[in-house]
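Everything on this sheet refers to the single structure shown next.
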Amino acid sequence: MMTAMRKKVALLGATGSIGKSTLDVLRRGKDMFKPVLFSSHTDSVGLAALGAEFPEAALALSGVEQDVSCVGYVGKEGLLQAISDCGADIVVNGIAGAAGLAPSIAALESGMDLALANKETIVMAGHLVRALAKAKKARILPVDSEHSAIFKLLEAHGRENLAAILLTASGGPFRTYTPEQLSRVRAQDALKHPTWNMGAKITIDSASMANKGLEVIEAVRLFDIPVSAIADVIQVLVHPQSIVHSMISLKDGSIYAQLSQPDMRLPIQNALYYPENAPSGFETLDFKQLTLSFEKPDGEKFPMLPLAYQALSAGDLYPVVYNAANEVAVAAFLAEQIHFPDIARVVALTLEQNWDGKPELGAIRETDRRARSVAKSFIKTFNTLSFLPIM
Ligand code: MG
């Protein structure tokens, strides 16, 4: 193969968990990739180190208002400007939470491919960003491990042959807890995730299965699943070993799976090299050492999962509410203001209000803002003084 020009890469959320995995892929592929932009929310020290390692890359610090560290771009608007200035071929969005939406839009507006680890972009504005990608002839390449797996499986076997998606879930650290044990969970217990090493928000989401709920929504939006068919087409399967990253079931009855070590570098690499399949050097699987098990998720113990299906069928903006109320509730849980089962109670109560509307950017932003305020008002009514001592 001829040596092509290096692909220009912008990495958003460069100092976070996805960022670190992406940097490993970039360092291993120095001849393939040229970093042109790194962003971090507030980690000026980490960002400066990246600036020293890759002097040609621009730097953006999105969570500060003044450029005291002389990084070049600061603040939310600075980050959007940095994206449109950087000339990247592909933008890896590893920003956590709803804050990742505007940068995703900025990347697509500039016609850049989007390697998307920020699931909120699709959960909140899937219709909009997919239409934008189409108009700008840009690709959205999922980096979430399950969606990366489904994406590759559908490419290999044909979207038109799809009967069902079997979306796997680790089940989180409390999979086997009783409801009574769940009510006593503290933030520090939830932060010990069994398989993946991730940030605090996504770790709590994994424990509550909100992460899987968000991923159900993400799959519906990414893979064009009609609302009426969601319950049949998207089936969540608990798979504690996190080796099967998802499966597709075809109309002919055959099922195809993607298996690999639980290592985020692989879906990141797949997105960055797309459409190539590049050698990775990552550890592969030894089937002689493997036992794989699957079970049905418990929607009663983990109501965040059925709530995601309810949000999808309630209307286009309800997934925005699901996400916003969950973000607020998780923050309250981490601050020990509410108990673990209250996270789902806050989300359920918030979803009960009327959120009808069209999935346009203004309505999405307003719904997000209002849902957060409604969720906060519910949290205030909860009894926050009843934490039992840890046994
Ligand atoms: Mg995932």
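Does at least one position in region 144-154 carry a residue that is more than 16 Å from the ligand (Cβ to nearest atom) and free of Cβ contacts under 8 Å to residues at least 24 places away in the same chain?
Scanning region 144-154, I find no residue that is more than 16 Å from the ligand (Cβ to nearest atom) and free of Cβ contacts under 8 Å to residues at least 24 places away in the same chain, so the answer is no.
Tell me which residues, restricted to region 15-28, are touching a residue at least 12 places away in the same chain (Cβ under 8 Å) and more than 15 Å from the chain's Cα centre (by Cα).
THR15, LEU23, ASP24, VAL25, LEU26, ARG28
Which residue out of LEU108, LEU132, LEU141, LEU50 is in contact with a helix residue (DSSP H, G or I) (Cβ under 9 Å, 6 or more places away or on another chain), under 22 Å from ARG28 (Cβ atoms), in contact (Cβ under 8 Å) with a residue 24 or more places away in the chain and away from the ligand (no atom under 16 Å from the Cβ)?
That would be LEU50, the only listed residue that is in contact with a helix residue (DSSP H, G or I) (Cβ under 9 Å, 6 or more places away or on another chain), under 22 Å from ARG28 (Cβ atoms), in contact (Cβ under 8 Å) with a residue 24 or more places away in the chain and away from the ligand (no atom under 16 Å from the Cβ).
So which helices (runs of 4 or more DSSP H) stay within region 44-156 end to end and still have 1 or more residues that are assigned by TED's automatic domain parsing to the domain that holds SER260 and surrounded by fewer than 24 Cβ atoms within 10 Å (Cβ to Cβ)?
none
Pull up region 278-305, narrow it to residues that are of a type in the set (A, V, I, L, M, F, W, C) and touching a Lys or Arg at 6+ places or on another chain (Cβ under 9 Å), then point me to the one that is modelled with the lowest pLDDT.
Ranking the qualifying residues of region 278-305, first place goes to PHE282.
For region 29-43, what are the residues that are part of a strand (DSSP E or B) and either hydrophobic (A, V, I, L, M, F, W, C) or loosely packed, with under 14 Cβ neighbours inside 10 Å (or both)?
PHE33, VAL36, LEU37, PHE38
Output the residues belonging to region 208-231 that are within 16 Å of the ligand (Cβ to nearest atom), farther than 20 Å from GLY299 by Cα and not aromatic (Phe, Trp, Tyr).
The answer is ARG221, LEU222.
Only one residue in PHE333, PHE302 is more than 18 Å from GLU215 (Cα to Cα) and not charged (D, E, K, R), so which one is that?
PHE333
Would you confirm whether or not region 168-182 contains a residue that is modelled with pLDDT of 95 or more and under 26 Å from GLY315 (Cβ atoms)?
yes
Read through the list (1) without any contact (Cβ under 8 Å) to a residue 24 or more places away in the chain; (2) under 22 Å from VAL143 (Cα atoms); (3) not aliphatic (A, V, I, L, M), then give the number of the only condition that GLN81 fails.
(2)
Only one of these conditions is not met by LYS192: (1) within 16 Å of the ligand (Cβ to nearest atom); (2) charged (D, E, K, R); (3) at pLDDT below 95. Which number is it?
Only one criterion in (1) within 16 Å of the ligand (Cβ to nearest atom); (2) charged (D, E, K, R); (3) at pLDDT below 95 is unmet by LYS192, namely (1).
Please indicate, with yes or no, whether at least one residue in region 91-100 is out of contact with any Phe, Trp or Tyr (no Cβ under 6 Å at 6 or more places or on another chain), free of Cβ contacts under 8 Å to residues at least 40 places away in the same chain and not aromatic (Phe, Trp, Tyr).
no
The values are calculated or read from the model by the stated rules, or taken from the named source; none is laboratory data. None of the values given here were measured: they were computed from a predicted structure. Here the Cβ is made from the backbone with ideal geometry for all residues, glycine too, and neighbour counts use every protein chain on show.
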